[in-house]
Amino acid sequence: MATIVVTMRGTYVGVGAALAVLAAAGMVYLHERPPERPASAQIVPHVTCLDPGMFPGRFPSPVSQTYSFPEPGTVPDGFDPVAVVVCTPVSSKTYFESDGQTPAGTSEVVNEERREGDFDGLLAALSERSDPQGWWIEAWAGRTHQPATHCAPGTACPLLWLVDHDGRAIRPWIPLDRSGRPKVAAHYAIAQLPFVGQIPHHLDVPAETF
């Protein structure tokens, strides 16, 4: 009888260990599976480099009502880009009333950079899926970080657009690497496109508009 009990206990231990291994393997599989790509990007009538989302809390209500801030998404079927536009905030300066102490408003400067050329490399990079997120131990070791959802005014936080022949535009989603950063392939592909020109945009936001 004692032998039977030991054998059954051994069987239970073996089954339990097998189930634990399977559960661990399932967790690894689910965690390491590449995330799904987002929905198709919204097509808007034109590009704007003075988007409310670039300057949280700094745009007057008429500007906020004029422009929308579409979420990034995958390139829609049938949308054929001919240009990429990168909007980069380069400066943000508060100016004051005559007393030199009361803020009178903010002056914003954004550069609109346009590139054109062969989009095969960029479209291929944008069609990839993101890498699985890093494990907590990787974050603890400093190998991962949480990407910022927006950038403060005056910092180099580019807003990316793809533009078609009709001037319509989308905000393309860029796949993320394991650390949570945009994959370098997309930025490399953009940098390889021939530079066409750059336009500085100036926006004056009076303080009384808030």
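The values are calculated or read from the model by the stated rules, or taken from the named source; none is laboratory data. None of these values were measured; they are calculated from a predicted model. Quick reminder, even Gly has a Cβ in these numbers, built from the backbone with ideal geometry, and neighbours come from all protein chains shown.
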TODO: Go through (1) at pLDDT 85 or above; (2) small (G, A, S); (3) exposed (fewer than 13 other Cβ atoms within 10 Å of the Cβ) and name the single condition G117 misses.
DONE: (3)
TODO: Could you list all residues from the range 101-134 that are of a type in the set (G, A, S) and part of a helix (DSSP H, G or I)?
DONE: G121, A124, A125
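Give the residues of the range 84-100 that are of a type outside the set (A, V, I, L, M) and in a strand (DSSP E or B), sorted by residue number.
Across the range 84-100, the qualifying residues are C87, T88, P89, S91, S92, K93, T94, Y95, F96.
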Task: Which numbered condition T144 misses (of (1) surrounded by 18 or more Cβ atoms within 10 Å (Cβ to Cβ); (2) touching a Cys at 6+ places or on another chain (Cβ under 6 Å); (3) at pLDDT below 80) - done: (2)
- [ ] Exactly one condition in (1) closer than 14 Å to L159 by Cβ; (2) in contact with a Ser or Thr (Cβ under 9 Å, 6 or more places away or on another chain) is not met by R114; state its number.
- [x] (2)
